Amino acid sequence: METDWTMSGNFRALCGSLLLIASLNMLAESVRKDALREKAAAGDAESAFYLGNEYFYGENRAANYTLAAYWYKKAAEKGIPEAQFNYGSCLETGRGVAKNLSDAFSWYRKAADQDFEPASFRVALLYLSGVPGEKGDFVLNPDPKAALEILEKLAEKQFEPAEIELAAMKMGKTASAEDHVRAFMLLKRVVARKRCQPKAVRMLADCYFTGLGCPLDRKKALELLKQAAGAGDPEALAKLGFLYEYGHEVKADPVQANLYYRKAAEAGHPMAQFKYAEAQAEGAFPGKNINDAMVWYRKSADGGCAQALFKLGVFYYDGLGVKKDLRQAARYFFLASRLGYVRAQYNLACLFEQGAVTGKPDPEAAFYWFRQAARGGDATAQRRTGECYLNGVGVDRSITQAEHWLLQAARNGDFAAREQLYLIQRSQPGSF
């Protein structure tokens, strides 16, 4: 005869035992949690710090940034540098507290004064950027000299983020040949550790690719670039896409280029997102269309890519993939124009001239953007700027300035500008 376990006393006893064990485990866990909280509440700084960590990372209790920041601050006030750094990070990012970069800097300084290297690094970065105030001024003015001094000290201790940041500074456009050598040596030292940030590998590849601070070695550069890309560095992936697209140092391969662009796009690289969008729009990815491309154009634009902002402006101007909207077109052209994108500046000038931006023609604004595009080297914009000066539209009339810009346009291949110059120069004095 089979035993009916659903009804037997043995089964009920077994269930009761299991429930008791589970209850005891839960009670023990609860006591452990309460013990940490009790110690923290009693003023134990380390307990407050660990309790903050548990709330921040959601370990042993539900994640709660507000409580994490609260306990970090308690520990920070008692001088624990790690807590001072973490509370500063909460203030910088706005996690659990109101965002306040000035206060964040103060807490980073406290931790840095105790030689906590991550805090010293944050202090250096804030010296580089400065701390803006609420009224557009600076609570802390940028101080590159102070930043450099801190980064040099951290680099001496081989604190990797500082080594990489210092190398980036010494690879800048205004850096000297000596700075370039220093950057190369820093990056070479970092990469020699094997387990380093992929960014450092990619930056070392840049050195070899351009001969910055070292002998030119494109083969070595490509090897390092692939290594960085294999480790997921977005910029390395995007650069490989570029090399395969245009056939630099590798055989041109548009399929391979698009695959690299896709990986870089998915990793958040704005220019790669634009390239991926372009590839989708052109049919390089079967099953993808303009609507799919539009998603990536927008992501790229959100990341500040001027080309993507310009392209969205074109789409709204033409009504391609979206409803035609000249004001939206102007908005995107304006955003791209602020980033110095010449084609957007010219298009924006045309929209101001047509009255599509404010509802009526704005010749002064049109002239401003024509001239901006002209200064950027656009031949048509140079001619239009010359015409504005010639006719006194949006600016005081000036034959001298008109000739200057028409000549620039003519030299850049604008035939209409050549014709206008010819007419001016062949005309009687005072007829223009």
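Any idea which of 407, 423, 390 is touching a residue at least 40 places away in the same chain (Cβ under 8 Å) and either in a helix (DSSP H, G or I) or touching a Leu at 6+ places or on another chain (Cβ under 6 Å) (or both)? If you could, list the steps in order and put the result at the bottom.
Values: 407 fails: touching a residue at least 40 places away in the same chain (Cβ under 8 Å); 423 fails: touching a residue at least 40 places away in the same chain (Cβ under 8 Å).
Residue meeting the stated conditions: 390.
Please verify whether segment 124-137 includes one or more residues that are over 25 Å from residue 164 (Cα atoms), of a type in the set (Lys, Arg), more than 23 Å from the chain's Cα centre (by Cα) and modelled with pLDDT under 95.
yes
Within segment 374-395, take every residue that is surrounded by fewer than 18 Cβ atoms within 10 Å (Cβ to Cβ) and at positive phi and give me the one that is farthest from the chain's Cα centre (by Cα).
392
Which of (1) surrounded by fewer than 21 Cβ atoms within 10 Å (Cβ to Cβ); (2) in contact (Cβ under 8 Å) with a residue 12 or more places away in the chain; (3) under 22 Å from residue 203 (Cα atoms) is the odd one out, the single condition residue 173 does not satisfy?
Evaluating residue 173 over (1) surrounded by fewer than 21 Cβ atoms within 10 Å (Cβ to Cβ); (2) in contact (Cβ under 8 Å) with a residue 12 or more places away in the chain; (3) under 22 Å from residue 203 (Cα atoms) leaves (2) as the failure.
For residue 121, indicate whether it is of a type in the set (Phe, Trp, Tyr) and closer than 24 Å to residue 57 by Cβ.
It is true that residue 121 is of a type in the set (Phe, Trp, Tyr) and closer than 24 Å to residue 57 by Cβ.
Go through (1) free of Cβ contacts under 8 Å to residues at least 24 places away in the same chain; (2) surrounded by fewer than 20 Cβ atoms within 10 Å (Cβ to Cβ) and name the single condition residue 185 misses.
In the conditions (1) free of Cβ contacts under 8 Å to residues at least 24 places away in the same chain; (2) surrounded by fewer than 20 Cβ atoms within 10 Å (Cβ to Cβ), residue 185 misses (1) alone.
Residue pairs, Cβ under 7 Å, 6 or more apart or interchain, first in segment 312-327 and touching a residue at least 24 places away in the same chain (Cβ under 8 Å) and surrounded by 15 or more Cβ atoms within 10 Å (Cβ to Cβ), second in a helix (DSSP H, G or I) and β-branched (Val, Ile, Thr). List them.
321/290
Taking interchain pairs and intrachain pairs at least six residues apart, which have beta carbon atoms under 6 angstrom, with the first residue in segment 190-205 and surrounded by fewer than 19 Cβ atoms within 10 Å (Cβ to Cβ) and the second of a type in the set (Lys, Arg)?
That search, which allows pairs on different chains as well, returns nothing.
Residues in segment 81-95: is at least one β-branched (Val, Ile, Thr), surrounded by fewer than 19 Cβ atoms within 10 Å (Cβ to Cβ), within 22 Å of residue 133 (Cβ to Cβ) and at pLDDT 95 or above? Can you show your working first?
Step one: filter segment 81-95 for residues β-branched (Val, Ile, Thr), giving 93.
Applying the additional criterion that residues be surrounded by fewer than 19 Cβ atoms within 10 Å (Cβ to Cβ) yields 93.
Now drop any that are not within 22 Å of residue 133 (Cβ to Cβ), which leaves 93.
After this cut, where a residue has to be at pLDDT 95 or above as well, the list is 93.
Yes, segment 81-95 has at least one match.
List the number of the failed condition for residue 320; all other conditions in (1) at pLDDT 95 or above; (2) farther than 26 Å from residue 238 by Cα; (3) not polar (S, T, N, Q) hold.
Going through (1) at pLDDT 95 or above; (2) farther than 26 Å from residue 238 by Cα; (3) not polar (S, T, N, Q) one by one, residue 320 breaks only (1).
One residue is enough: does segment 256-269 have a residue meeting the conditions within 25 Å of residue 377 (Cα to Cα), surrounded by fewer than 16 Cβ atoms within 10 Å (Cβ to Cβ) and in contact with a helix residue (DSSP H, G or I) (Cβ under 7 Å, 6 or more places away or on another chain)?
The first filter runs over segment 256-269 and keeps only residues within 25 Å of residue 377 (Cα to Cα), leaving none.
Scanning segment 256-269 turns up no residue that is within 25 Å of residue 377 (Cα to Cα), surrounded by fewer than 16 Cβ atoms within 10 Å (Cβ to Cβ) and in contact with a helix residue (DSSP H, G or I) (Cβ under 7 Å, 6 or more places away or on another chain).
Tell me, please, whether a residue that is touching a residue at least 12 places away in the same chain (Cβ under 8 Å), crowded, with 17+ Cβ neighbours inside 10 Å and in a helix (DSSP H, G or I) can be found in segment 283-291.
Looking through segment 283-291, none of the residues is touching a residue at least 12 places away in the same chain (Cβ under 8 Å), crowded, with 17+ Cβ neighbours inside 10 Å and in a helix (DSSP H, G or I).
Only one residue in 371, 343, 331 is charged (D, E, K, R), surrounded by 22 or more Cβ atoms within 10 Å (Cβ to Cβ) and in a helix (DSSP H, G or I), so which one is that?
Working: 343 fails: surrounded by 22 or more Cβ atoms within 10 Å (Cβ to Cβ); 331 fails: surrounded by 22 or more Cβ atoms within 10 Å (Cβ to Cβ).
That would be 371, the only listed residue that is charged (D, E, K, R), surrounded by 22 or more Cβ atoms within 10 Å (Cβ to Cβ) and in a helix (DSSP H, G or I).
Have a look at 253, 217 and point out the one that is surrounded by fewer than 23 Cβ atoms within 10 Å (Cβ to Cβ) and farther than 24 Å from residue 180 by Cα.
On the way: 217 fails: farther than 24 Å from residue 180 by Cα.
Testing whether each residue is surrounded by fewer than 23 Cβ atoms within 10 Å (Cβ to Cβ) and farther than 24 Å from residue 180 by Cα leaves just 253.
I'm trying to understand the selection: among the residues of segment 245-282, which are more than 25 Å from residue 314 (Cβ to Cβ), under 19 Å from the mean Cα position of the chain (by Cα) and not in a helix (DSSP H, G or I)?
267
Before we move on, is residue 276 at pLDDT 95 or above, farther than 30 Å from residue 322 by Cα and of a type in the set (Ser, Thr, Tyr)?
Working: at pLDDT 95 or above: yes; farther than 30 Å from residue 322 by Cα: no; of a type in the set (Ser, Thr, Tyr): yes.
Taking the combined requirement at face value, the residue does not satisfy it.
May I ask you to list the residues in segment 207-239 that are in a helix (DSSP H, G or I) and either touching a residue at least 60 places away in the same chain (Cβ under 8 Å) or within 19 Å of the chain's Cα centre (by Cα) (or both)? Quick ask: steps written out before the conclusion?
We begin by selecting, within segment 207-239, every residue in a helix (DSSP H, G or I); these are 207-210, 218-230, 234-239.
Across segment 207-239, the qualifying residues are 228, 229, 234, 235, 236, 237, 238, 239.
Could you grab the pairs with beta carbons closer than 7 Å, sequence gap of 6+ or different chains, first residue in segment 92-118 and free of Cβ contacts under 8 Å to residues at least 60 places away in the same chain and within 19 Å of residue 66 (Cβ to Cβ), second one of a type in the set (Gly, Ala, Ser) and buried (at least 20 other Cβ atoms within 10 Å of the Cβ)?
Note: pairs meeting the criteria are 92/104; 95/69; 96/68; 96/69; 97/69; 104/88; 107/76; 107/88.
The values are calculated or read from the model by the stated rules, or taken from the named source; none is laboratory data. Everything quoted here is computed from the prediction, not taken from an experiment. In this analysis, Cβ positions are derived from the backbone assuming ideal geometry, glycine residues included, and neighbour counts consider all displayed protein chains.
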